[in-house]
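Heads up, the thing below is written out as structure tokens.
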Amino acid sequence: MFYIHVLRIKCEGLPQGDLLRSRGNPSSIIVRSIESKPTADVGRGSEWHIGNVKTIEEGGVSFAMGRTQAVTTQQFDQNTHDFVEEEAMRAPFTFGVFDPDLQVCGVIRKAGVSKSSSEIAGKLQTLLNAAPFAREANSVIVVETISDPVNFLDAIKSARAVIRFGFTVSRPNPLDVERLIQGPAKEFTQKVSGERTRVETEGEDLDKEAIEDVINAVAADGEEAAATIRPQDGGPPRRVHLWGNPVTERVESDPNISVLVSVLDAARRGYRRIRGGSQA
């Protein structure tokens with residue numbers, strides 16, 4: 001048994017650029033970027049790489065990602081009977097699997113490489129944008145953690161009233177199925193050359209069911225949400241937030257199924273659980 005980070009990988013069109021450039025299919029751009037095995041400096045002199053790319057069963061694209069670093073090791077030379085220091089290359093890595101249909105990715109949690117969801121998302125985003133394909137299509141690849149909304153939803157459901165609710169949207173991602181006002185808000189963001197728009201509403205008692213529906217879609221999209229609630233037991237209004245609980249999914253080892261297929265299945269399961277079954 002092990003755990004994976006569940007990440008959303010999107011390819012969003014930039015608001016400005018060469019109008020003659022074709023934006024292309026978002027998932028194809030992401031897959032081509034993975035297949036190019038990019039290398040990138042992700043900060044503080046740390047060089048990361050993607051490798052070991054292959055198409056697996058059930059339509060996923062698997063890859064390895066990790067860093068290279070020079071380390072000095074102390075050795076004993078049997079011929080000269082001297083102790084020496086030698087420089088060697090260390091390359092800790094982990095595996096990920098991308099689903100082009102859902103644009104969801106599962107990355108195996110591994111000590112020293114990918115313990116933090118936000119850090120591995122940032123490194124993967126830098127790597128994929130180091131390939132030329134998104135840039136050539138006047139787009140940018142965005143890798144975001146998916147927040148588990150369970151605590152946020154519990155706070156909404158148990159409140160006496162929700163008096164303010166807001167969420168963010170980024171530029172359009174063509175493969176997303178939008179709900180309520182997410183679609184128009186994304187189009188507005190694109191039209192005004194924005195990167196992120198916040199939508200907020202307030203009232204004496206907002207409709208909780210409608211809010212819950214939006215929360216699932218926003219969480220699965222890797223966006224943010226917050227609400228101001230009146231607690232059941234009285235007291236002043238309280239602010240609650242969606243962020244801070246990135247989704248990790250447990251993977252059960254099965255000798256009859258490859259590890260990478262199990263990672264793909266777990267990533268799909270985690271995404272659909274958050275999305276609320278709206279994408280089957």
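The values are calculated or read from the model by the stated rules, or taken from the named source; none is laboratory data. Only a predicted model underlies this, so the values are computations on that prediction, with no experimental measurement involved. Methodologically, a virtual Cβ is constructed for each residue, glycine included, from the backbone with ideal geometry; neighbour enumeration extends over all protein chains shown. Areas reflect the complete protein model, heavy atoms only, side chains present, ligands, DNA and RNA absent. Shrake-Rupley method; radii C 1.70, N 1.55, O 1.52, S 1.80 Å.
Of the residues contained in segment 207-225, one or more are found to be farther than 23 Å from V6 by Cα, in contact with a strand residue (DSSP E or B) (Cβ under 9 Å, 6 or more places away or on another chain) and acidic (D, E).
Applying the condition of being in contact (Cβ under 8 Å) with a residue 60 or more places away in the chain and not in a helix (DSSP H, G or I) to segment 207-222 and asking which residue is surrounded by the fewest Cβ atoms within 10 Å (Cβ to Cβ) yields G222. Residues of segment 230-277 that are over 21 Å from H5 (Cα atoms) and either polar (S, T, N, Q) or touching a Gly at 6+ places or on another chain (Cβ under 7 Å) (or both): Q232, N256. Screening the candidates L128, L124 for the property of being modelled with pLDDT of 95 or more and more than 13 Å from V6 (Cα to Cα) yields one hit, L128. Taking the conditions (1) part of a strand (DSSP E or B); (2) in the same structural domain as I120 (by the TED database); (3) of a type outside the set (D, E) in turn, M89 satisfies each one other than (2).
Which of the residues spanning segment 185-206 are modelled with pLDDT under 85 and open to solvent by less than 100 Å² (accessible area, probe 1.4 Å)? Once the filter is applied, which keeps residues that are modelled with pLDDT under 85 and open to solvent by less than 100 Å² (accessible area, probe 1.4 Å), segment 185-206 yields A185, K186, T189, Q190, V192, S193, G194. The set of residues in segment 51-65 that are closer than 22 Å to R268 by Cα and assigned to a strand (DSSP E or B) comprises N52, V53, K54, T55, V61, S62, F63, A64, M65. Take the residues in segment 145-155 that are touching a residue at least 60 places away in the same chain (Cβ under 8 Å) and not in a strand (DSSP E or B), then tell me which one is most open to solvent (accessible area, probe 1.4 Å). Per the criteria, the residue is N151.
Cβ-Cβ distance below 6 Å, separation of 6 or more or different chains: which pairs start in segment 99-114 with a residue that is under 12 Å from A64 (Cα atoms) and end on one that is at pLDDT 90 or above and open to solvent by 30 Å² or more (accessible area, probe 1.4 Å)? Qualifying pairs under 6 Å: I108/F95. Among residues of segment 9-39 being in a strand (DSSP E or B) and at pLDDT below 95, the one that is nearest to V192 (Cα to Cα) is G13. Of all residues being of a type in the set (S, T, N, Q) and either part of a loop (DSSP other than H, G, I, E, B) or touching a His at 6+ places or on another chain (Cβ under 7 Å) (or both) in segment 102-144, which is surrounded by the most Cβ atoms within 10 Å (Cβ to Cβ)? Just the residue, please. Once the filter is applied, the top-ranked residue is S114.
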